[in-house]
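Trainee: One structure follows; several queries about it will come next.
The values are calculated or read from the model by the stated rules, or taken from the named source; none is laboratory data. The structure displayed is predicted, hence computed values, not measured ones. A quick note on method: Cβ atoms are made from the backbone with ideal geometry, for glycine too, and the neighbour counts reach across all protein chains shown. Each accessible area value is taken on the protein alone, full model and side chains, heavy atoms only, with ligands, DNA and RNA left out. Shrake-Rupley method; radii C 1.70, N 1.55, O 1.52, S 1.80 Å.
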Amino acid sequence: MQAGESAGRFDRQDRLAIALLTLLVLLAFGNVVFGGRSLIPSEHVNPLDHRANERSRGPDFITHEAWQRRNLVSHPNFRDIAASTVQFEPSQEFFRRSLLRGEFPFWDPYIGGGNPSFASLVPAYLFPPGLLVVLLGNGSLVRNAYILLLMICAGTLTYLLLRRHGLDWRAALAGAITFAFSGAVIQTAPSGLGQPVAFFALPLLVTARFLAMPSIRRAAQLALVFAFVALATFPPILMQSFGACVVYLIVTLCLRPRGNRGITASLFAAGAVTSLAIVGVAYIPATLLMSEVTHVKQHYESAADQILRPHQIAQILSPTIMGGARVYANAAVKGTTSLHLYYTGIAALVLCGIGLLAKAAPPSRVLKITSAITAALSLAKVFGVPPVEWISHVPMLRNIHYAAYFGILIAFAVSVLAALGVESLIRGNARRWHLFVTGTAVLLLMSIVLNLAWRSGVQFHPHGWRWIADFRLLIVFSALAILIASLGHEFPRRNSAAVFLLVILLAVEGITNSVYPRPRRWNVWRNPPHYVVQISEMNTGGRVLPMPIYPANTQSVYQQPTIDTIVFSSTRMSDLYRRYFNPDSRLFLLGTSELPPERVLDVANVEYVAIISSKSAEIAASLNRGYEILEASDLLHLMRRQTSPRYTFTTNFRVSGSPTAILEALPNLETGVVLLEEHPRFPSDPSFSAASPRVVGFSLNEVEIEINAPRAGLLVCSESNMAGWTATVDGAPTRILAANYAFRAVEVPPGVHTIRFRYRPPGLITGLVSTLAGLTACLFGLWWPRRDRHEPVF
């Protein structure tokens, strides 16, 4: 019997299970649903103003002291909150405002001296659910509802996957609750990471459906679903989801009679290739961008080498017991916040052990083997166990942050195996020794955790009692899980009651791990602080240098340019930043610690300097340079300096064949001189005749400039020089020259001329053709005659 053919159609029990799952999520976040509180990261930590006051947090804000009294950080149980507050959220709000202006943001002229936006993959502009949120206004209420829906979606898809494999609805609900309330979902749903996690089970679900009855039509459906999930565009998570599908395929083919293996594998491969074609419009420009920004590849070339320490295995027990995503401001037992496993809860681990040891029914055998294999491989990689660890030396595979993200696959596998554990109790497949081995393993793990905590001095820590209380709660949950499972095994007539109690226990532990205080809803992007408003009102167009207040990427929301960025910038701009702004920056351009030389600031068109008020030395240095104070508060000192215009005209240039020499010469660059790497078609004229370029059109992807040039010269633009930009003079194409190392210039003949710069991501047309070809192939596949008109619903 094929997987899923015995599962039947969507019935009353399934509707009840999904309703219960939805109710549990709403209860866990009742303060968000009913109390006007928020799950949005920027409303926990305002990236524009860290102070707790009405201006930065809105009415009825929670003070810092209130969080401290609870020994909580202001953003408890969020993974990598900065990924949302200065990457995902600003990009979504920037996208919304761009669409309102009638522009699609292929290019973001406001960060990194100008950066590719669409091709960076960070915003996931084409992911349909995220796009819908933007079109609905991207407000606080909409975004909170979306976060909750992502959690519900994660559980619902897991439930449907388990039901398709013949599990009882109660067992499927247990697996759905485990995943929906795991750290993999709860900690990531508020950020962009949560989008691919929420749909983690969907590729497996459609793969199982395809393999149950392979056909051209179902291969087309598989391609569409794969493409849909791939548009969430976070490769480390997509690699896990699609990798699990490949393992599922291999296991299925190995267990299936030899007859149609080749045809099935070929159809699956065709569907996968078609899905790649469909997403070509997003991924082909992204691939070409990655080949251009070589410093990014260098930064990630050793990402796969990072591993977790052995004691971090205990992070799977709860969000607080051995560190992980931060919860406590002063934790008694500290962990690693950037690299950690995602918790599932100890009750789920008990059931997972039973599910792993018990014999699975035929419909669920493939899913069990797939989950066991993927979990084992993921654990071996994140903890650096050979030979799995050796993939760190394989080209392309060594650029993935396994230790940071592959705990998601482990959490999903635990959820599936926990559901199989409940199923084994329902079917009577569980044996006494299964319970004994599982209980012994859990007891051993708890003993190791307690020993580590005691050796770290938890009993002497000021907040050690909190950890001890958390540990005692784990003892209660584990004891109840083992006791209820044992009773269900020993007294078959009470089996149904035991199963319901286990589901309730999973729900209680999941909710316990998820409930934290939350701030009130307050859209920080629509309530900017005074200094942001002040820069907007001055409307001079000069760049802002954050030190470090007004962090990178947030400027895009307000159309205020900066040289800082937290997406992939040009390699030349990265070199410039490391040389003069922050020598410690590697991948992203942020964290200026001291003022760069004046001429470097001129070349970069830096007009405003935002210095956090605690940096007294930098404030004094700015005053010594004669900068004007625009605002001075306990938050920041906003300074203004005289700078060179963004667009200048000059006839005076010097040519050097060494880009490094040009970079080193910038601090001593004379006014009116531009440094080039190749000769223009006219000689340099040091007498320099002044001409003022006039910007007559400025949009995200195009700039139009008029100039009356007294003689042949150069229009110099302090904007990053990257592939995809083209230039015309009076409609005639002209070459773009590298100017002042990281910027660009074009030759202008004498007279009145119109210069137009235009950006299109490299590979965009190829990507569009690929997408159209993929969609066309899918349409033909979907119109292919059905082999069976009585296909199951899911």
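Trainee: What nm distance separates the two modelled labels at E490 and L20, each placed 7 Å from Cα along Cα→Cβ?
Mentor: A separation of 2.5 nm, rounded to one decimal place.
Trainee: For a Förster distance of 45 Å, can you work out the FRET efficiency between the beta-carbons of T540 and R69, rounded to the nearest 0.05?
Mentor: E(calc), rounded to 0.05, equals 0.50.
Trainee: On full extension of the chain, what length is gained from A329 through F436, given 0.36 nm per residue of separation minus the C-alpha to C-alpha distance?
Mentor: Length gained between A329 and F436: 34.7 nm.
Trainee: Right, another one. What is the distance in Å between the Cα centroid of the range 628-653 and that of the range 196-216?
Mentor: 55 Å
Trainee: Still on this structure: In nm, to one decimal, how far is the modelled label at Q642 from the one at W784, with both set 7 Å along Cα→Cβ?
Mentor: 7.2 nm
Trainee: Take peptides 88-99, 766-777 and line them up by average Cβ neighbours within 10 Å, highest first, as a rough protection proxy.
Mentor: 88-99, 766-777
Trainee: Once P(r) over Cα pairs in 20 Å bins from 0, in percent is worked out from the coordinates, which option in [x] 12, 25, 23, 16, 10, 7, 5, 2, 0; [y] 15, 44, 30, 10, 1; [z] 16, 49, 31, 5, 0 does it equal?
Mentor: [y]
Trainee: What does the highest-first list of 414-424, 381-391, 504-514, 742-752 look like by mean Cβ count within 10 Å?
Mentor: 414-424, 504-514, 742-752, 381-391
Trainee: Using a 1.4 angstrom probe, figure out how much accessible area the chain has per residue, in square angstrom, rounded to the nearest whole.
Mentor: Values: 30680 Å² over 794 residues.
On a per-residue basis, the chain sits at 39 Å².
Trainee: Here's something else I'd like to know. Highest mean first, how do 153-159, 632-638 rank when packing is the count of other Cβ atoms within 10 Å averaged over residues?
Mentor: The densest-packed peptide leads the list: 153-159, 632-638.
Trainee: Have a look at L444, F649, H489 and report the one farthest towards the positive end of the charge dipole of the chain, computed about the Cα centre with Cβ charges (Lys/Arg +1, Asp/Glu -1).
Mentor: Farthest towards the positive pole: H489.
Trainee: Is the C-alpha gyration tensor of the range 142-242 telling us rounded, prolate or oblate? Criteria: a/c under 1.5 is rounded; beyond that, a/b larger than b/c is prolate, otherwise oblate.
Mentor: oblate
Trainee: Same structure, new question: Suppose R0 equals 41 Å. What FRET efficiency, 1/(1 + (r/R0)^6) with r the Cβ-Cβ distance, do S614 and V695 give to the nearest 0.05?
Mentor: For S614 and V695, the calculated efficiency is 0.65.
Trainee: If one computes the Cα centroid of the range 313-354 and of the range 674-722, what distance in Å separates the two points?
Mentor: 57 Å
Trainee: Place a +1 charge on the Cβ of each Lys and Arg in the range 324-434 and a -1 charge on the Cβ of each Asp and Glu, then give the dipole magnitude about the Cα centre in debye, rounded to the nearest 20.
Mentor: Its charge dipole is roughly 220 debye.
Trainee: Another one. Tally up the carbon and sulfur contribution to the accessible surface of the chain as a whole percent, 1.4 Å probe, everything protein left in place.
Mentor: Numbers: 19170 of 30680 Å².
The C+S portion of the solvent-accessible surface of the chain is 62 percent.
Trainee: Under the 0.36 nm per residue contour assumption, what length would be gained going from the current alpha-carbon distance of D584 and H679 to full extension?
Mentor: Answer, rounded to one decimal: 30.8 nm.
Trainee: Be a star and scan the range 387-415 for residues whose amide nitrogen sits under 16 Å from the point 7 Å along the Cα-to-Cβ vector of Y300.
Mentor: Hits in the range 387-415 for Y300 at 16 Å: 392-406.
Trainee: Separate question: For the range 55-150, rounded, prolate or oblate, judged on the Cα gyration tensor with a ≥ b ≥ c (square roots of eigenvalues), a/c < 1.5 rounded, else prolate if a/b > b/c?
Mentor: It is prolate, given that a/c is not under 1.5 and a/b is the larger ratio.
Trainee: While we're on this one: To the nearest 20 Debye, how big is the dipole of the range 82-174 about its Cα centre, given +1 on the beta carbon of each Lys and Arg and -1 on that of each Asp and Glu? Mind dumping the intermediate values first?
Mentor: On the way: 7 positive and 5 negative charges, 61 e Å.
Dipole of the range 82-174, to the nearest 20 debye: 300 debye.
Trainee: For T726 and H530, what does the FRET efficiency come to when R0 = 51 Å and r is the distance between their Cβ atoms, rounded to the nearest 0.05?
Mentor: Efficiency for this residue pair is about 0.80.
Trainee: Right, another one. Report the relative contact order of the range 534-676, percent, no decimals, based on alpha-carbon pairs under 8 angstrom and at least 6 residues apart. Intermediate values should be presented prior to the final figure.
Mentor: On the way: 227 pairs, mean separation 31.3, N = 143.
For the range 534-676, the relative contact order is 22 percent.
Trainee: On to the next question. Between E670 and S593, with labels modelled 7 Å along Cα→Cβ, what's the label distance in nm to one decimal, could you check?
Mentor: It works out to 3.5 nm between the two label points.
Trainee: Let me make sure I get this right: for the range 542-591, a, b and c are the square roots of the gyration tensor eigenvalues over alpha carbons, sorted descending. Under 1.5 in a/c it's rounded, otherwise prolate if a/b > b/c, else oblate. Which is it?
Mentor: Details: a/c = 1.87, a/b = 1.59, b/c = 1.18.
Prolate, because a/c is 1.5 or more and a/b exceeds b/c.
Trainee: What size of dipole, in debye to the nearest 20, comes out for the chain about its Cα centre when the only charges are +1 on Lys and Arg C-beta atoms and -1 on Asp and Glu C-beta atoms?
Mentor: Details: 67 positive and 47 negative charges, 616 e Å.
Dipole about the Cα centre, nearest 20: 2960 debye.
Trainee: Here's a follow-up. Of C245, C254, which has the most accessible area with a 1.4 Å probe, and how do the rest follow in descending order?
Mentor: Greatest to least solvent exposure: C254, C245.
Trainee: Continuing with the same structure: Rounded to whole Å, give me the distance from the Cα center of the range 380-418 to that of the range 35-109.
Mentor: The distance from the Cα centre of the range 380-418 to that of the range 35-109 comes to 31 Å.
Trainee: Sum -39500 (n - 2.57) across every DSSP H segment of at least 4 residues in the chain, then divide by the residue count to get the 222 nm mean residue ellipticity, nearest 500.
Mentor: After summing the helix terms and dividing by residue count, I get -15000 deg cm²/dmol.
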